[in-house]
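The values are calculated or read from the model by the stated rules, or taken from the named source; none is laboratory data. Given the structure is predicted, the values throughout are model-derived calculations rather than measurements. Reconstructed Cβ throughout: ideal geometry from the backbone, glycine too, with neighbour counts over all protein chains shown.
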Amino acid sequence: MSAASRGTVVRFDAASGQDPKGKHRTPPASRYQGWRDRTCACGEPRITVVQRLKTFFRTVFLIDLVKGLLLTLKYTPQPAFTFQYPAERRPVAARFRGLLRLQVEPETGAQTCIVCDQCAKVCPDDLISLGGHREPGQKIKILDYFDFNLSRCSFCGLCSEVCPTKPVKALIMSEDYELGTYSRDSQILRVDEMYDGVPIEQYTR
């Protein structure tokens, strides 16, 4: 039943385009001027003739396919390279995180680790165990053992970052990426095995 049949008079304010209850009836001409020209019946913007022509030509002449082929041909003339591995090692990035290694003083060969235990504390997987002793009259401890479980290492590099020794860091992430072994026991490196490895170039910012 409509409002008129029930005897109810609904007043409409032509200036604001709303009735007293706030229901929107007709859009004001000043606010929606030309709205039928810009949108279709569903309210979406109309596709112009230029856009239709662009879509037509892109479909007929396979423009997207040609762009992809040109990008492929751009990198095709590059010469192929082959490394005679393992006689020739492939170079790695300067910030590569390889196998954890201990360093010594390059001139004297003395140990640089001060047994501060910071690397073992910061390791999220608890893979490092070390200990040492202090000689009478010496301030710096001497490293006795350093055990590192390679099998569970995530190569996050936190142990190397927290190492406080300067100018030569005692603990570094080396360029060794050959980590395969035939047994799990070989994945646990002792202190003597931590000093071996490929010489690396220190990364500086």
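Observations
- When residues of the stretch 86-143 are limited to those that are in the same structural domain as Leu158 (by TED's automatic domain parsing), basic (Lys, Arg) and more than 19 Å from Ile188 (Cα to Cα), the one surrounded by the fewest Cβ atoms within 10 Å (Cβ to Cβ): Lys139
- Yes/no for Arg184 being within 25 Å of Tyr85 (Cβ to Cβ) and among the charged types (D, E, K, R): no
- Residue match in the stretch 114-131 (condition: polar (S, T, N, Q) and in a loop (DSSP other than H, G, I, E, B)): no
- When restricted to residues that are of a type outside the set (A, V, I, L, M, F, W, C) and either touching a Ser or Thr at 6+ places or on another chain (Cβ under 7 Å) or outside any loop (DSSP other than H, G, I, E, B) (or both), the stretch 83-99 contains 1.
- Some residue of the stretch 23-32 being at pLDDT 80 or above, surrounded by fewer than 10 Cβ atoms within 10 Å (Cβ to Cβ) and not assigned by TED's automatic domain parsing to the domain that holds Arg190: no
Condition check ((1) on the phi > 0 side of the Ramachandran plot; (2) without any contact (Cβ under 8 Å) to a residue 40 or more places away in the chain) across all residues:
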site: Tyr85; (1), (2): no, yes
site: Leu99; (1), (2): no, no
site: Gln103; (1), (2): no, no
site: Thr108; (1), (2): no, yes
site: Asp126; (1), (2): yes, yes
site: Tyr145; (1), (2): no, no
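- Any chance Thr181 is under 30 Å from Glu88 (Cβ atoms), free of Cβ contacts under 8 Å to residues at least 40 places away in the same chain and surrounded by fewer than 18 Cβ atoms within 10 Å (Cβ to Cβ): yes
- Every residue from the stretch 144-154 that is in a loop (DSSP other than H, G, I, E, B) and either surrounded by 15 or more Cβ atoms within 10 Å (Cβ to Cβ) or in contact with a Leu (Cβ under 6 Å, 6 or more places away or on another chain) (or both): Cys153
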